[in-house]
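> What follows is a single structure, and I will ask about it in a moment.
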Amino acid sequence: MCGRYASSKDPGKLAAEFAALDATGGAAPGADFNVAPTKRVLTVVQRHPQDETGEADLERNERSIRVMRWGLVPFWAKDKSIGSRMINAKSETVTGKPAFRSSIKRYRCLVPADGWYEWKREGGAKQPYFMTPPDGSSLAMAGIYSTWRENDEAEPLVTCSVLTAAAVGQLTDVHDRMPLLLPQGAWSHWLDPDQPDVSDLLAPPSLELAESLEVRPVSTAVNSVRNNGVELLDRVSLDAREKAVGLDREQ
C-alpha cells in the first residue's frame, strides 16, 4: 500500500481545489482510474519562484500543479529502474532512510487522488476495495519527490513517492496500511519549502478523517493495469464476486 489509485481531475480543477497554478505545460496525463507505479502523475508542490536567471525570490512562495513519475529515484541512484521499488515510503522511517531523508526535508509534495484501492483476502480470493470521499473532493496524499539525471546533459526526471501510515478506524478491516492523508489545514505546513521538520505531520490520519471515507467493494477488473475506465469505481455486490472474477479472467 499504496499501489493503485484513481486520479480523474484535470490540472485546472486541481489548481482550483488546491489554490495552485497549472504548471503542467500541456504535458498532464489524462484521467486515470487505475494509476499504477511508474506512470506519470499529477502532484502539488510549493517553491520559491525563480526569475530568468534562476534566482529564487525567497520572499514569495508559489504553489503549482506539476507532473512527476510515480516511483522515487534518489538523485544519487545509478539507474532509474530503482524507482519501481520506491513507490511508497513509511512515515515511521522516512526521515532515516538514505533514499528518502533528503526529500522529506526539502522536497515534499501532495499527490491528489479521487481515492485509492486496497485488497482484502476474503475466503480464497482477494477482494478489491476503493476508499474515497463520498462528496467527490480530492484526497491529498503526502508525498516526497526527487530530481534525477542520467548525466549532466540529460533531461531531469522528477519522481515521487507516496507516504504510508498505519491504518486507522474502519480502514483496518481492509488493510493494516494506508496513505498518509493530510487535511487541508496541514497542506501549507507540509509544502513549505523553508520548513525542514514536518515530524508533527507524520502520525496516522485522524479517526474522523478515516471514518468519513466510503469503503466501496469494486470489481476485480482493477487487478489488471490494462483495465482503465470509470466503471472500475462502481460498487459491486460481494455476492456477485464469482461473476466478477469470471469476467476479469475473460479479458
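The values are calculated or read from the model by the stated rules, or taken from the named source; none is laboratory data. A quick note: this is a predicted structure, and the numbers were derived from the prediction, not measured. Every residue, glycine as well, gets a Cβ built from its backbone with ideal geometry; the counts of neighbours run over all protein chains shown. Calculation scope for accessible area: heavy atoms of the full protein, side chains included, ligands and nucleic acids excluded. Shrake-Rupley method; radii C 1.70, N 1.55, O 1.52, S 1.80 Å.
> Considering only the stretch 88-99, how many residues are in contact with a Leu (Cβ under 8 Å, 6 or more places away or on another chain) and either free of Cβ contacts under 8 Å to residues at least 24 places away in the same chain or not in a loop (DSSP other than H, G, I, E, B) (or both)?
Of the residues in that region, 3 qualify.
> Something else about it: Given the residues Arg121, Arg85, which is the only one that is open to solvent by 20 Å² or more (accessible area, probe 1.4 Å), of a type in the set (D, E, K, R) and in contact (Cβ under 8 Å) with a residue 12 or more places away in the chain?
From the options Arg121, Arg85, the qualifying one is Arg85.
> Would you please name the residue that is nearest to Lys9 (Cα to Cα), looking only at residues in the stretch 65-84 that are touching a Phe, Trp or Tyr at 6+ places or on another chain (Cβ under 9 Å) and small (Gly, Ala, Ser)?
By that ranking, first place goes to Gly83.
> Of the residues in the stretch 172-215, how many are of a type in the set (A, V, I, L, M), open to solvent by less than 20 Å² (accessible area, probe 1.4 Å) and assigned to a helix (DSSP H, G or I)?
3
> Looking at Ile65, Ile104, Ile82, which is the one that is within 16 Å of Thr147 (Cβ to Cβ), more than 12 Å from the chain's Cα centre (by Cα) and modelled with pLDDT of 95 or more?
Step by step, each of Ile65, Ile104, Ile82 is checked, and only Ile104 is within 16 Å of Thr147 (Cβ to Cβ), more than 12 Å from the chain's Cα centre (by Cα) and modelled with pLDDT of 95 or more.
> Can we say Ala20 is out of contact with any helix residue (DSSP H, G or I) (no Cβ under 8 Å at 6 or more places or on another chain), surrounded by 18 or more Cβ atoms within 10 Å (Cβ to Cβ) and more than 30 Å from Pro98 (Cα to Cα)? Even if it seems obvious, please write down each step before you answer.
Values: out of contact with any helix residue (DSSP H, G or I) (no Cβ under 8 Å at 6 or more places or on another chain): no; surrounded by 18 or more Cβ atoms within 10 Å (Cβ to Cβ): yes; more than 30 Å from Pro98 (Cα to Cα): yes.
No; evaluated as a whole, the condition is false for this residue.
> Hey, can you tell me all the residues within the stretch 116-161 that are of a type in the set (S, T, N, Q) and touching a helix residue (DSSP H, G or I) at 6+ places or on another chain (Cβ under 9 Å)?
Gln127, Thr132, Ser137, Ser138, Ser146, Thr159, Ser161, listed by residue number.
> Further question: Anything in the stretch 72-82 that is outside any helix (DSSP H, G or I) and free of Cβ contacts under 8 Å to residues at least 40 places away in the same chain? List them, or say none.
Our first condition is that a residue be outside any helix (DSSP H, G or I); within the stretch 72-82, this holds for 72-79.
Scanning the stretch 72-82 gives Trp76, Lys78, Asp79.
> Pairs, please: C-beta under 8 Å, at least 6 apart or cross-chain, first residue on the phi > 0 side of the Ramachandran plot and in the stretch 149-173, second exposed (fewer than 13 other Cβ atoms within 10 Å of the Cβ)?
As it stands, the answer is Gly169/Leu207; Gly169/Glu211, since those pairs meet every condition given.
> Now, a different point. How many of the residues in the stretch 88-104 are open to solvent by 30 Å² or more (accessible area, probe 1.4 Å) and touching a strand residue (DSSP E or B) at 6+ places or on another chain (Cβ under 8 Å)?
Counting residues in the stretch 88-104 that are open to solvent by 30 Å² or more (accessible area, probe 1.4 Å) and touching a strand residue (DSSP E or B) at 6+ places or on another chain (Cβ under 8 Å) gives 5.
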